[in-house]
Amino acid sequence: MKSYEQLFIDGRWVAPVNKGTFETVDPSTEQVIAKVASATAEDVDLAVKAARKAFDEGPWPRMSGAERGVVLRRIGNGIRDRIQELAEIEVRDNGKPLPEALWDLGDAAGCFEFYAGLAEKLDENAETPVTLSDDRFSSVARKEPVGVAGAIIPWNFPMLMAAWKVAPALAAGCTMILKPSEMTSLTALELGSIAAEADLPPGVLNILTGPGSDVGAPMSEHQGIDKLAFTGSMPTGSRIMQAAARDIKNISLELGGKSPFIVFDDSDIDAAVEWIMFGIFWNQGEVCSATSRVLVQRGIYDRLLQRLKEETRKIKIGNGLEDGVLLGPIVSKGQYEKVLAAVARGEEDGARLVTGGDRPARLDKGYFMEPVVFADVPEESWVWNEEIFGPVVCIRPFDEENEAVRSANNSRFGLAAAVMSRDNERCERVARALRAGIVWINCSQPTFTEAPWGGYKQSGIGRELGVWGLNNYLETKQITRYDGDKPWGWYIK
Ligand code: NAD
């Protein structure tokens, strides 16, 4: 593999100030695949200075939205031109199956194209007249970029999470410092090359790799950053929010979840099994919105569990580059051990292990595990309530709609939820009763760049994607003018 030992600051590739590197591992082979630049607070400072200069003096915030849109489209095309190569890098860095990586990369390119369109529209939509109650005054509400933004992202969808933040920030006219997870740094660095080839002006996008403590923490404390956008775990989100509180940074947080899926007994069992599996085994269950708690109405409970067990056992597990693989390894040794410990805890807490949990017999290397189905999971147990972030689904029976909604809402999280039934009215009613930022009816997980994404309760603050994602990176300025034909006359009569 090529070298990833440099950071992207002010449009140039530079070694970290302390020349540090760390190793990144392929979770399928447990082999080191690259040495990666390890930044520190000094590099954060250099990147913030570059982003600050590009924002305060550079062309980017002063260009029209249409001009920015041209560059964003070039970035989208740059991703598409190298999609196969980038997807293979993602598989080796993260472990996900190649078809899923190709899907992510296509979505990432689409995200840049979508925000290119919104950047173009900003030219006509930047100022909205405001009707005032006093006709001696006239007013407009004007959208302006928030300034220098910092993005801190997780390892589960490396390039896609980068796109969800970089594309709207750049469309808005912000400049940015992007910090990928230390577990999956490679495609973020590739994005630096693609941005440079797309003629993005220097300093508009800066990319710093390294651990959260060395890069993410100094970013959240840096006074030169106006806005922080974070996706990751709840404890880290809380730390970032506390750091940002010191100088009242604008923040948006996309945190974890323990999303419920309610399946009524008039559902087609195969369709339910398909969406339950997609909801928890896609991307090894390393999905913030994974529907990891499933409530199944008692009339189909046993039959559904039987079908789910049969289909789960058929999933091909292996290296994501191998044909037909639908479940790759867990991203890292640490995460693998956490997921295995959670499975052991589920059994101790009285959940019934229907299938899974072992290392697949044909795989002696790599962080592989058979996907887990737990049934009859006690409502107060740890596995029912806490995010595992792995291929582990917890299932419980229910009798009445009200009971299912109560149980679904009984969580400190509120990112996503799903409901399945042939009765449309019931689906619509339940969807409105669920306390979550995203509700799927008769499906789980399909995600669209056009629609708002984010959580209630401890799942986060703010919304990404769609126009909501663009608004994350915009301030609203009121400009009000006195048009009165008489002097104001309060002091001077
Ligand atoms: P994490 O919180 O450990 O790390 C996320 C990022 O924060 C990484 O880049 C990490 O280096 C950085 N970081 C760590 N400590 C930091 C600190 N003190 N200050 C600043 N930055 C720091 O999460 P993870 O393990 O990478 O990702 C898994 C979590 O992310 C899960 O809980 C999952 O639910 C959540 N997630 C949420 C969404 C969403 O859209 N809501 C999407 C993906 C993942």
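Amide H to amide H distances under 5 Å link N250 with L228, where only residues 5 or more positions off or on other chains count and H is placed in the peptide plane. Helical content alone sets the calculated 222 nm signal of the chain at -12000 deg cm²/dmol, taking -39,500 (n - 2.57) per DSSP H segment of four or more residues and averaging over every residue.
Find out how many positive minus negative residues lie around R422, taking Lys and Arg as positive, Asp and Glu as negative, among other residues whose Cβ is under 11 Å from that of R422.
It works out to a net charge of -4.
Looking at segment 429-493, which chymotrypsin sites (Phe, Trp or Tyr not before Pro) are in a loop (DSSP not H, G, I, E or B) and have at most 16 other Cβ atoms within 10 Å? Counting only loop positions with at most 16 other Cβ atoms within 10 Å, the chymotrypsin sites (Phe, Trp or Tyr not before Pro) in segment 429-493 are F448, W488, W490, Y491. Once C-alpha pairs closer than 8 Å and six or more residues apart are averaged by separation and normalised to the residue number of segment 44-109, the relative contact order reads 28 percent.
For segment 4-16, backbone phi angles converted through the Karplus equation (6.51, -1.76, 1.60; θ = phi - 60°) give residue-by-residue couplings of 10, 8, 10, 9, 10, 10, 6, x, 10, 8, 9, 6, x Hz, Gly and Pro being listed as x. Building the convex hull from the alpha-carbon atoms of segment 260-441 and averaging its projection over directions returns 9.8 nm². A dipole drawn for the chain from +1 and -1 charges on Cβ atoms has a positive end, and of A101, V467, S332 the residue lying farthest that way is V467. Checking the a/c ratio against 1.5 first, then a/b against b/c, what shape does the Cα gyration tensor give for the chain? Verdict is oblate for the chain. Close amide H partners of A34, meaning residues 5 or more places away or on another chain with modelled amide H under 5 Å apart, are T24. Put simply, the amide H of V296, placed in the peptide plane, has neighbours under 5 Å in V263, R396, F398, leaving out anything fewer than 5 places away on its chain.
Determine the distance separating the Cα centre of segment 370-407 from the Cα centre of segment 6-76; give it in Å without decimals. Here the two parts' Cα centres lie 41 Å apart.
The simple Förster model, with R0 at 25 Å and r as the Cβ-Cβ distance, assigns D268 and N409 a FRET efficiency of 0.45.
Roughly how compact is segment 180-251, stated as its Cα Rg over 2.2 N^0.38 Å to two decimals?
Segment 180-251 yields a ratio of 1.20.
Treating only the Cβ of Lys, Arg, Asp and Glu as charged (+1, +1, -1, -1), what charge dipole size does the chain show about its Cα centre? Round to the nearest 20 debye.
Here the chain has a charge dipole of around 920 debye.
Each residue of segment 439-454 is assigned a 3J(HN,Hα), and the resulting list reads 10, 9, 10, 6, 6, 8, 4, x, 10, 10, 4, 7, 9, x, 9, x Hz, derived from the Karplus form 6.51 cos²θ - 1.76 cosθ + 1.60 (θ = phi - 60°), x at Gly and Pro. For the peptides 370-378, 16-24, residues were scored by their other Cβ atoms within 10 Å and the scores averaged per peptide; the highest-first order is 370-378, 16-24. In order along segment 419-435, phi translates into HN-Hα couplings of 9, 10, 6, 7, 8, 4, 4, 4, 4, 5, 5, 5, 4, 6, 7, 7, 8 Hz, rounded to whole numbers, per the Karplus curve 6.51 cos²θ - 1.76 cosθ + 1.60 with θ = phi - 60° and x for Gly and Pro. Annotation: extensible slack from D56 through L363 equals 105.1 nm (criterion: 0.36 nm per residue apart, minus Cα-Cα distance).
With 24 Å as the limit on Cα-Cα distance, the pairs of K96/K309; K96/K314; K165/K457; K35/K333; K2/K49 that go past it are K2/K49.
Taking every C-alpha pair closer than 8 Å and separated by at least 6 residues, the mean separation divided by the residue count of the chain gives a relative contact order of 18 percent.
Computed from Cα positions, the angle between helix 269-281 and the longest principal axis of the chain comes to roughly 60 degrees.
Per-residue packing, averaged as other Cβ atoms within 10 Å, sorts the ranges 32-42, 130-140 into the order 32-42, 130-140, beginning with the highest. Dipole check for segment 260-441: with +1 at the C-beta of Lys and Arg, -1 at the C-beta of Asp and Glu, and the Cα centre as origin, the magnitude is about 380 Debye. Here the relative contact order of segment 260-441, from alpha carbon pairs under 8 Å that lie six or more residues apart, stands at 27 percent.
All of the numbers you see were taken from the coordinates with simple rules; none came from a lab. Note that the structure is a prediction, hence the values are computed from the model and not measured. Cβ: placed from backbone, ideal geometry, glycine included. Neighbour counts: every protein chain shown.
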